[in-house]
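One structure is given here, and the rest of the page talks about it.
The values are calculated or read from the model by the stated rules, or taken from the named source; none is laboratory data. Computed from a predicted model, the values in this text were never measured in an experiment. When we count neighbours, we look across all protein chains shown, and the Cβ atoms used for this are built from the backbone with ideal geometry, even at glycine.
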Amino acid sequence: MIGASITLIEVFGIKIRVNISWAFIAILLAWGLAEGYFPTINEKLPEATYWWMSIVAVLGLFASILLHELAHSLVARAYGMEITGITLWLLGGIAELKGEPPSPKVELLMAIAGPAMSVFLGTFFWLSAGVLQDFVSVATVLSYLGMLNLILAAFNMVPAFPLDGGRVARAIIWMHTGDYLAATKTAARMGSLFGLGLIAFGFLGLVTGAGLASLWWVVLGMFVRFAADSSNLQAQTKNVLAQKTVREFMTPKPITVSAETSVADLVENYIYHYDFEFFPVMDGGRVAGSVSLQEVRTLPLDRHKQVRVREIMKPISANTLVSPRDLAANVMTRMQETGASLLMVMDRDDLVGVIATKDLLRIIAIQSALERPE
């Protein structure tokens, strides 16, 4: 949901990425500080001074969020978790971790590391502002960064998943119950309600004339709700699919199409008749690739009868194949990471089935409904 990002640097082997949305918020924040906040705090300074103060403040915020996320990441790495990177975007920063914490202790230590770093930075900036109070512009920027870091720490400790406070809550519940799924459900429910509250607060601001800044709370609330619901779904997925293989969930004996079939026949006899996202393409008894409506759309209508499926199909690749013995939970994670919605199931050289995200989600939804009391 974050979109395109640019890799800036690598710190401790962790790639630091910046989403284009961060550039938007950085420019908006710098403008607001230079034209509003800093002139109000310190009057009669040159306009150029307000602008360099604003630029330094934005860079300081960038560094603060980065250090906050690095604290999470380095604790996670210390306990054997894999970190793929840190992305700074419109609503702050995200440490991209593979998998879930192995224990409530690790979850707790990871969660408090970020806010602890923010409290440290906030205290450091405020103390530095006091030491440098004779340098008005410098002290003002340091005071602002100190305040911002302490606000960041306080907001993040709200017990609402996926905020750090929500992760602390999940760790504590998990520690006392021993039930990771129940802990995640409770923390996610708190996060979803908190997100709803932020959305309501934002709309209230819009209605009462608080200004377009209220939209920020609406967007933040929507993100919190989405992230909380996604985390809950991932936990349910892990629970339902635990230790089960692809063979148990795949659709066996899928409909295939010959590589020599014309595109016209493909459309008329396959795409119109079957509700499949793609069709495995067979050539000489072996799987050669796959074809979908997306490939057909690249071809002009007047060429459908002349062109064969082999000319437009996607060649077979490791990214589109799984084994019937693979763990279903791992395959689900892979599909979420790659965006693939359907994979071919191969047993050595034989096509034995296909597995789709929607089928896995349907099973998870049924299981969740069965476990939910009336």
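Checked against the criterion of being assigned by TED's automatic domain parsing to the domain that holds Ser54, of a type in the set (A, V, I, L, M, F, W, C), touching a Phe, Trp or Tyr at 6+ places or on another chain (Cβ under 8 Å) and crowded, with 16+ Cβ neighbours inside 10 Å, the candidates Leu145, Leu121 yield just one match: Leu145. Checked against (1) at pLDDT below 90; (2) surrounded by fewer than 16 Cβ atoms within 10 Å (Cβ to Cβ), Ile55 meets all criteria but (1). In the set (1) touching a Gly at 6+ places or on another chain (Cβ under 7 Å); (2) modelled with pLDDT under 85, the condition left unmet by Pro254 is number (2).
Applying the selection to the stretch 314-326, what residues are surrounded by 13 or more Cβ atoms within 10 Å (Cβ to Cβ), at pLDDT 85 or above and either small (Gly, Ala, Ser) or out of contact with any helix residue (DSSP H, G or I) (no Cβ under 6 Å at 6 or more places or on another chain) (or both)?
Matches in the stretch 314-326: Lys314, Leu321, Ser323.
There is no residue in the stretch 83-105 that is assigned to a helix (DSSP H, G or I), touching a residue at least 12 places away in the same chain (Cβ under 8 Å) and among the β-branched types (Val, Ile, Thr). Of the helices (runs of 4 or more DSSP H) lying entirely inside the stretch 144-251, the ones with 3 or more residues being under 20 Å from Leu361 (Cβ atoms) and of a type in the set (D, E, K, R) are found at 214-241.
Of Gln306, Gln336, all but one fail to be assigned by TED's automatic domain parsing to the domain that holds Val287, at pLDDT below 80 and of a type in the set (S, T, N, Q); the exception is Gln336.
Conditions tested, residue by residue: (1) among the hydrophobic types (A, V, I, L, M, F, W, C); (2) farther than 30 Å from Asn239 by Cα.
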{"residue": "Pro162", "(1), (2)": "no, no"}
{"residue": "Arg167", "(1), (2)": "no, no"}
{"residue": "Ala188", "(1), (2)": "yes, no"}
{"residue": "Ile199", "(1), (2)": "yes, yes"}
{"residue": "Gly202", "(1), (2)": "no, yes"}
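How many residues does the stretch 13-36 hold that are modelled with pLDDT of 85 or more and among the aromatic types (Phe, Trp, Tyr)? Of the residues in the stretch 13-36, 1 are modelled with pLDDT of 85 or more and among the aromatic types (Phe, Trp, Tyr). Screening the candidates Gly92, Gly85, Gly80 for the property of being surrounded by fewer than 16 Cβ atoms within 10 Å (Cβ to Cβ), of a type outside the set (Ser, Thr, Tyr), modelled with pLDDT under 90 and within 24 Å of the chain's Cα centre (by Cα) yields one hit, Gly80.
Filtering the stretch 252-273 to residues that are exposed (fewer than 14 other Cβ atoms within 10 Å of the Cβ) and in contact (Cβ under 8 Å) with a residue 12 or more places away in the chain leaves Pro252, Lys253, Ile255, Glu260. Picking from residues in the stretch 274-307 that are part of a loop (DSSP other than H, G, I, E, B) and of a type in the set (Ser, Thr, Tyr), the one that is surrounded by the fewest Cβ atoms within 10 Å (Cβ to Cβ) is Thr298. Per the listing Arg297, Arg310, the residue uniquely among the basic types (Lys, Arg) and either within 15 Å of Leu342 (Cα to Cα) or in contact with a strand residue (DSSP E or B) (Cβ under 7 Å, 6 or more places away or on another chain) (or both) is Arg310.
Apart from one condition, Ala129 fits all of (1) under 27 Å from Trp174 (Cβ atoms); (2) over 19 Å from the mean Cα position of the chain (by Cα); the exception is (1).
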